[in-house]
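This report concerns only the one structure given below.
The values are calculated or read from the model by the stated rules, or taken from the named source; none is laboratory data. The shown structure was predicted, so the numbers you read here are calculated from the model rather than taken from an experiment. Virtual Cβ from ideal backbone geometry, glycine too; neighbours counted across all protein chains shown. What goes into the accessible areas is simple: the full protein's heavy atoms, side chains included, and nothing from ligands, DNA or RNA. Shrake-Rupley method; radii C 1.70, N 1.55, O 1.52, S 1.80 Å.
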Amino acid sequence: MSRIGKKPINIPSGVTVDVTAHNVVTVKGPKGTLSREINPDIAVKVDGNDIIVERPTESKRHKSLHGLYRSLINNMVIGVSEGYKKELELVGVGYKASNQGQVLELALGYSHNIFFALPESISLKTETPKGKNPLVTLEGIDKELVGQIAAKIKGLRKVEPYKGKGVRFVGEIVRRKAGKTAGKK
């Protein structure tokens with residue numbers, strides 16, 4: 001992780017970064033504002049158009065924290081400037097997705113529909129193209145939150161390896177298994 005931590009983070013135009021005395025990094029951009037508290041051992045400095053993350057010693061703990069916080073701050077900068085997007089597809093007969101505002105309604109082959117409430121910071125879009133699988137699109141500025149919500153939705157109906165039915169990311173490759181074969185005499 002130490003090699004990742006040594007790379008400076010470039011600040012794109014329109015993004016401002018503030019580091020307070022209590023080690024709270026706040027990143028403001030055109031899409032919104034994110035802030036995160038940093039471990040007091042790690043030093044974060046804004047040098048012109050770059051953010052530099054430094055560690056005090058070469059201990060294993062400091063090296064791992066160095067790379068971790070560099071990646072988290074980089075994700076915050078990308079989030080407020082470009083944003084993050086995850087697309088899920090529902091593969092299966094009768095699987096449907098619709099939304100009423102921030103509530104996602106899923107029909108995933110269970111005896112009842114599943115209602116999933118999303119936080120306000122995530123934008124939700126559902127579509128059912130003709131002849132294709134229903135799609136659920138999640139967009140937001142916080143990479144961690146978008147990924148966590150996508151994983152929870154995916155966990156509602158995991159992809160099974162025999163027919164490939166379930167909730168998966170668009171473009172995800174599922175390893176298929178061969179089914180049972182009749183015994184030979």
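Heavy atoms of the protein chains alone define the surface here; on that basis the range 76-117 has 53 Å² accessible area per residue at 1.4 Å probe size.
Straight-distance candidates among the aspartates and glutamates for linking to K28, with alpha-carbon spacing under 19 Å and chain neighbours fewer than 8 residues away dropped: D18, E37, D47, D50, E82, E120, E139, D142, E144.
Computed on the range 1-134, the Cα convex hull volume stands at 167 Å³ per residue. In this structure the range 126-185 gives 73 Å² per residue of accessible area when probed at 1.4 Å with all protein chains present. Principal-axis analysis of the Cα atoms of the chain puts helix 143-155 at an angle of about 20° to the longest axis. Counting charges near G166 (Lys, Arg +1; Asp, Glu -1) among other residues having Cβ under 12 Å from its Cβ returns a value of +3. Reported to the nearest whole Å, the Cα centre-to-centre distance from the range 1-49 to the range 50-116 is 19. Report the residue, chosen from S98, S64, S123, that carries the largest GNM mean-square fluctuation when the chain is represented by alpha-carbon nodes joined by springs under 10 Å. Taking springs between Cα atoms under 10 Å, the residue moving most is S64. Between K28 and A151, the distance separating the two model label sites (each 7 Å from Cα on the Cα→Cβ line) works out to 3.2 nm. Across the range 73-185, counting alpha-carbon atoms alone, Rg and Dmax equal 16.5, 66 Å. Based on DSSP H segments of at least four residues, each scored -39500 (n - 2.57), the chain has a per-residue ellipticity at 222 nm of -7000 deg cm²/dmol. Of all lysines in the structure, the ones whose alpha carbon falls short of 30 Å from that of K130, not counting any fewer than 8 places away in one chain, are K85, K86, K96, K152, K154, K158, K163, K165, K177.
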